[in-house]
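The values are calculated or read from the model by the stated rules, or taken from the named source; none is laboratory data. As the structure is a computational prediction, the values presented were derived from the model and not from experiment. All Cβ positions, glycine included, derive from the backbone under ideal geometry; neighbour counts span all protein chains shown.
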Amino acid sequence: MKLDELIEHLDYRDLINFKNIDITGISYNSKTTKKGDIFICLTGEYTDGHEYAKNAIENGAVALLVERKVDVDKKYPQVVVNSTRHKIADIADRFYSSPSKGINLIGITGTNGKTTVTHLIQKIMEENSQKCALIGTLGYKLSSKSEYRDAKHTTPQAPELQATLRMIKDVEKIDNVVMEVSSHALEQNRVGGCDFNGAVLTNLTQDHLDYHITMDNYFAAKALLFTNLKYNDELPAEAQPYAVINADDEYADRFLNAIPQGIRRFTYGVKKQADVTAKDINFSLNGAEFVLVENGHEHKVNLHMNGMFSVYNVLAAVTASLAMGIEISVALKALENVKGVAGRFEVVAKKPLVIVDYAHTPDGLENVLKSAREITPKDGKLICLFGCGGDRDATKRPKMGAIAERLSDKIVITSDNPRSEDPQTIITDIIAGLKSVNTENVIVEPDRGAAIALLKTIAGNNDVILIAGKGHEDYQILKDKTIHFDDREEARKVFEVSVI
């Protein structure tokens, strides 16, 4: 693609040394820059891409997208914009010829539940004889039966995302994509250029305040998925893009008010009136069962998944499928066959019952502990092992400590991904939320592997253990290195289980 074509619709401030050269790729990491790339000088929290422009040119870059002029040879064109972080999405969308415009693209956002809801929607579409790819925390996969391919973020950076969408459309011939959309991706415009047909909100509770600072900022970032839904004059009302909102969420009304005129609106919930609701909810070791109500019709649902959060996730997926015109009988058939999602309330041992979950926010931990309590025998204890991530929102640490103390019989406080922080400092923050540090009920062991091993000595066969925080992750990020570490593997070793 010629440079003038690539920047034709770009709102740039200046062109320096312009030459209409061929651009054969996009890069923002000088180490992986290839010959023919335009190098995007991203300005981040810790690094400034302008400082690596010369390295990128040495590796083959032929043009630069910058926020300020860089001192390089005059033969290299520089396109000056206000924000390279926001314009990289426009460049990527243009380079890959707007792949999302030929795809039924569904975005799922929220603090908790995004991964599960994307998997459920993928299953429903396949049950409806439609191919559907998935992009999210675990990577991307082209079908529910295929293997994951790795992704660096919940939502990839714009060039990788647009390249993936183009591959899904042209190479794999898949016309449906369901994608997790994080608040960071929305605020940083990683999904800029994406034409979403549907947007789903799971919930909005405290997380990422190290980045967003306030809940209002966090809401504003999430709301972008909905405010950017586009009304299409050429489509009838029943074919317009749609938004699906959790009516029970504290921010529901604010999200509903953010949706543009003409966009179809759907709600789901348990506590409040909504288009799709659940009643007569019961939990057992086998899963959840409830009655789903939509449009005055009642449907009995039996899930292999457990917990109230699973009920909400199912309601979100069903509501989205109804918005797409899929028969509810098809949706429910698909969901009743789902065994669960890796690292989400995943049972890894049965005596005692050991559950691994990704819960790493106050609301997430509260939800899974309440669900675990529902299936804890009367003569059994509920034991919670958890930690909090380093270099992240520290205000949630005492809150999670208080929740674990209130809802568990025993707690084991340990490390999560400490990153550059001292694990003991993080643990001290957690302990600050406890009413009592009774050594019988509160155990502190900074080494996560040793902490999981301790569970063997304090748990009986009728107890339920929740290992929270890392879920599907198979690594631990320490101060100076990242090591292999998988809660599920560690728990199976301790409780001598091969695979369930």
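Things to note:
- Of the strands (runs of 3 or more DSSP E) lying entirely inside the range 242-304, not one contains at least 3 residues that are not assigned by TED's automatic domain parsing to the domain that holds Asn217.
- The residues listed here are Ile108, Ile91; of these, the one that is assigned to a helix (DSSP H, G or I) and either assigned by TED's automatic domain parsing to the domain that holds Gly193 or within 26 Å of Leu165 (Cβ to Cβ) (or both) is Ile91.
- Listing of strands (runs of 3 or more DSSP E) fully contained in the range 333-429 that carry 2 or more residues being more than 27 Å from Asn302 (Cα to Cα) and modelled with pLDDT of 95 or more: 382-386, 410-413
- Ser310 vs. criteria under 20 Å from the mean Cα position of the chain (by Cα) and either modelled with pLDDT of 95 or more or hydroxyl-bearing (Ser, Thr, Tyr) (or both): yes
- One residue stands out in the range 7-27 among those that are closer than 12 Å to Ile88 by Cβ and at pLDDT 95 or above: the one that is surrounded by the most Cβ atoms within 10 Å (Cβ to Cβ), namely Ile26.
- Pairs meeting the criteria (first residue in the range 176-200 and closer than 20 Å to Lys87 by Cβ and assigned to a loop (DSSP other than H, G, I, E, B), second residue among the polar types (S, T, N, Q) and modelled with pLDDT under 85, beta carbons under 6 Å, at least 6 apart or on different chains) are Val181/Thr155; Ser182/Thr154; Ser182/Thr155; Arg190/Thr155.
- Residue within the range 59-77 that is part of a helix (DSSP H, G or I), surrounded by 16 or more Cβ atoms within 10 Å (Cβ to Cβ) and in contact with a strand residue (DSSP E or B) (Cβ under 8 Å, 6 or more places away or on another chain) present: no
- Residue in the range 463-492 that is nearest to Phe345 (Cα to Cα), counting only those that are more than 25 Å from the chain's Cα centre (by Cα) and at pLDDT 95 or above: Val464
- Condition met for Phe309 (buried (at least 21 other Cβ atoms within 10 Å of the Cβ) and assigned by TED's automatic domain parsing to the domain that holds Ala274): yes
- Which numbered condition Arg419 fails, given (1) surrounded by fewer than 19 Cβ atoms within 10 Å (Cβ to Cβ); (2) in contact with an Asp or Glu (Cβ under 6 Å, 6 or more places away or on another chain); (3) closer than 29 Å to Asn461 by Cβ: (3)
- Filtered residue count, the range 111-141, keeping only those that are surrounded by fewer than 18 Cβ atoms within 10 Å (Cβ to Cβ) and in a loop (DSSP other than H, G, I, E, B): 3
- Of the residues making up the range 17-33, those that are in contact (Cβ under 8 Å) with a residue 40 or more places away in the chain and over 39 Å from the mean Cα position of the chain (by Cα) number 3.
- Selection within the range 30-44: residues that are touching a Gly at 6+ places or on another chain (Cβ under 9 Å) and among the small types (Gly, Ala, Ser). The member of this set that is surrounded by the fewest Cβ atoms within 10 Å (Cβ to Cβ) is Gly36.
- If the condition is being over 22 Å from Ile426 (Cα atoms) and in a helix (DSSP H, G or I), then the range 446-489 contributes Lys456, Thr457, Ile458, Arg488, Glu489.
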